[in-house]
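What follows is a short report on a single structure.
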Amino acid sequence: MTQDADIDALVRKRIRGLRLARGWSLDDLAARCFLSPSTVSRIETGHRRIGLDQLTVIARSLGTTLDQLVESVHDEDVVIRPERDAGRGVTTWLLSRQTGPGGPIVAKMRLTRPVRRGADALKVHPGRDWFTVLSGTVVLMLAEREIRVETGQAAEFSTMTPHAFGALDGPAELLGILDPEGRRTHLRALS
């Protein structure tokens, strides 16, 4: 099978999969696309070529974009491998792909070192950080305040406040949402 045939088959499977996920019959999708049910059926089964004009209308009807419908899939995009920064005692898994220069990043972090203390350890950057603790306890330093965030709790704060975080009494894991400035500051080894 050629790459074009692979993508064609994938697009057809996506159309059918999205239709079924919405609980729609062929008639339902056909009505939304202004196509006949037999045309939609032949598109899904590969018995009819898909025209760009049809694909655009089908994508819109299914609540997706043309780009998402025809996007190729690579196996290397599936596995997210950890990045270790032994010097800082942090292992990071980037759980979201960079969607653009201003998009947020979702990351899982495993902290093995305690929070660094002192004015030089606290960082400041524009924006806001958010994280939830998956296991262990995270110590969040916000200027002069020391805040313990335990398993199941979350924190959200202005990053214009000098801040740092680390593990308390053993490893801690957190799931964080960081803006681009937060990524540069907290995930600098991965940038």
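The values are calculated or read from the model by the stated rules, or taken from the named source; none is laboratory data. Just so you know, these numbers come straight off a predicted model, no measurement behind them. Ideal geometry is used to build each Cβ from the backbone, glycine not excepted, and the neighbour counts take in all protein chains shown.
Here the helices (runs of 4 or more DSSP H) wholly within the range 1-87 that include at least 3 residues being surrounded by 12 or more Cβ atoms within 10 Å (Cβ to Cβ) and of a type in the set (Val, Ile, Thr) are 3-21, 37-45, 52-61.
Counted as qualifying within the range 122-162 are the strands (runs of 3 or more DSSP E) with 1 or more residues that are under 23 Å from the mean Cα position of the chain (by Cα) and modelled with pLDDT under 95, namely 128-135, 154-158. Residue pairs whose Cβ atoms lie under 8 Å apart, sitting 6 or more positions apart in sequence or on different chains, and linking a residue in the range 92-109 that is over 18 Å from LEU174 (Cα atoms) to a partner that is modelled with pLDDT of 75 or more and of a type in the set (A, V, I, L, M), are GLN98/ILE105.
Where residues in the range 110-155 are of a type in the set (Asp, Glu) and over 16 Å from LEU168 (Cα atoms), which of them is surrounded by the most Cβ atoms within 10 Å (Cβ to Cβ)? Among those that are of a type in the set (Asp, Glu) and over 16 Å from LEU168 (Cα atoms), it is ASP129.
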